[in-house]
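Here's the structure we're looking at; comments come further down.
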Amino acid sequence: MGRLDGRGSGPYLAFMLAAFARILLVILGLFLLPLGSHALWWAMRDDVAPSWRAADWSSAELLPAASEAPQAMVAVYAARVGRWRGIFAHHTWIVVKEAGASRYTRYDKVGWGSPVRTNGWAPDGRWFGNAPQPVVVIEGAEAERLIPQIRQAVASYPYQTLGAYNAWPGPNSNTFVAHVMRSVPELGAALPPTALGKDWQPWREIVGFTPSRTGIQISLGGYAGLALGWVEGIEIDFMGLVAGIDIRRPALKIPAWGRIGVDAITW
């Protein structure tokens, strides 16, 4: 039977150190360099609101007035969060309107007061001064069919009591929207890679379907993970930062920067 001595441990130690160095290089190149470059770009901006009160929360005028849109509508929006957190994170929310309804209903989860808010802001409002972008918009009969499922998913969200919010790694605002999308996979969309917390799952649910149910997701409590799906593409999650490739709509998913692709939807 062999024994571990000075002669045998040297090559093994060298191998382990080399492997560790490669892992560090991958983390540096894939996650930390994009994060650092986006932080530098963010710091040079002169349009970042200095405080909550000074920020613009008005409508970005993405939606028509409810009275001018008789059809049912479902929308998911994402906007950069405020101050330094905008370097790497988006906030997402859900908007619904039944056919003929006189107003939209907006659902958010936030980190203060009652976590799940209804109509706390304009349905297409700016978030901390940052204009939202649509993740998905569905109108007409399909939207009418999905709205009861969406309302049920909002009502069944398990983390909506006081204190049931954790900005990182989750459950947070994006965990809430991911829950709704997982409950209503017919929405057929993926949250932006910068929706920090979207991949959070309790430790008892390490392996499962992606929210769209078109693939498999592995989540280690939101600290690390992997997703492979037709809608989500290929995503690697490291400490909430996501890198990956969108196959269905060709694009790169770059940590902090977001989704950069050939179509009009970028983050």
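The values are calculated or read from the model by the stated rules, or taken from the named source; none is laboratory data. Remember, it's a predicted structure, so these values are computed and weren't measured experimentally. Backbone-built Cβ (ideal geometry, glycine too); neighbour counts: all protein chains shown.
Tabulated values for the structure
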read-out	value
Scope segment 223-234; condition out of contact with any Leu (no Cβ under 7 Å at 6 or more places or on another chain) and either assigned to a strand (DSSP E or B) or of a type in the set (Val, Ile, Thr) (or both); matching residues	Ala224, Gly225, Leu226, Ala227, Leu228, Gly229, Val231, Gly233
Subset of segment 63-87 [among the hydroxyl-bearing types (Ser, Thr, Tyr) and over 27 Å from the mean Cα position of the chain (by Cα)]	Ser67
Subset of segment 198-217 (residues that are outside any strand (DSSP E or B) and surrounded by 14 or more Cβ atoms within 10 Å (Cβ to Cβ))	Lys198, Asp199, Trp200, Gln201, Thr210, Pro211, Ser212, Arg213, Thr214
Per-region count, segment 161-187, residues modelled with pLDDT of 95 or more and either in contact with a Ser or Thr (Cβ under 8 Å, 6 or more places away or on another chain) or not in a loop (DSSP other than H, G, I, E, B) (or both)	14
Residues being modelled with pLDDT of 90 or more, over 19 Å from His90 (Cα atoms) and surrounded by 14 or more Cβ atoms within 10 Å (Cβ to Cβ) - total across segment 18-32	1
Number of positions in segment 152-180 that are of a type in the set (Gly, Ala, Ser), under 15 Å from Pro202 (Cα atoms) and free of Cβ contacts under 8 Å to residues at least 40 places away in the same chain	1
Selection within segment 90-142 - more than 30 Å from Arg45 (Cα to Cα), out of contact with any Phe, Trp or Tyr (no Cβ under 8 Å at 6 or more places or on another chain) and buried (at least 21 other Cβ atoms within 10 Å of the Cβ)	Ile138
Pair list, Cβ < 8 Å and 6+ apart or interchain, from segment 125-150 residues that are polar (S, T, N, Q) to residues that are crowded, with 16+ Cβ neighbours inside 10 Å and in a strand (DSSP E or B)	Asn130/Ala79; Asn130/Arg80; Gln133/Tyr77; Gln133/Ala78; Gln133/Ala79
Counted residues, segment 127-157 - those being of a type outside the set (D, E, K, R), outside any strand (DSSP E or B) and out of contact with any helix residue (DSSP H, G or I) (no Cβ under 8 Å at 6 or more places or on another chain)	9
Given (1) among the hydrophobic types (A, V, I, L, M, F, W, C); (2) in contact (Cβ under 8 Å) with a residue 24 or more places away in the chain; (3) farther than 18 Å from Gly129 by Cα, number of the condition Ala78 does not satisfy	(3)
Hey, Trp41 touching a Phe, Trp or Tyr at 6+ places or on another chain (Cβ under 9 Å), among the hydrophobic types (A, V, I, L, M, F, W, C), surrounded by fewer than 17 Cβ atoms within 10 Å (Cβ to Cβ) and within 22 Å of Pro255 (Cα to Cα) or not	yes
Residues within segment 44-80 that are of a type in the set (Val, Ile, Thr) and either assigned to a loop (DSSP other than H, G, I, E, B) or surrounded by fewer than 16 Cβ atoms within 10 Å (Cβ to Cβ) (or both), tallied	1
Residues within segment 240-264 that are crowded, with 17+ Cβ neighbours inside 10 Å and part of a loop (DSSP other than H, G, I, E, B), tallied	4
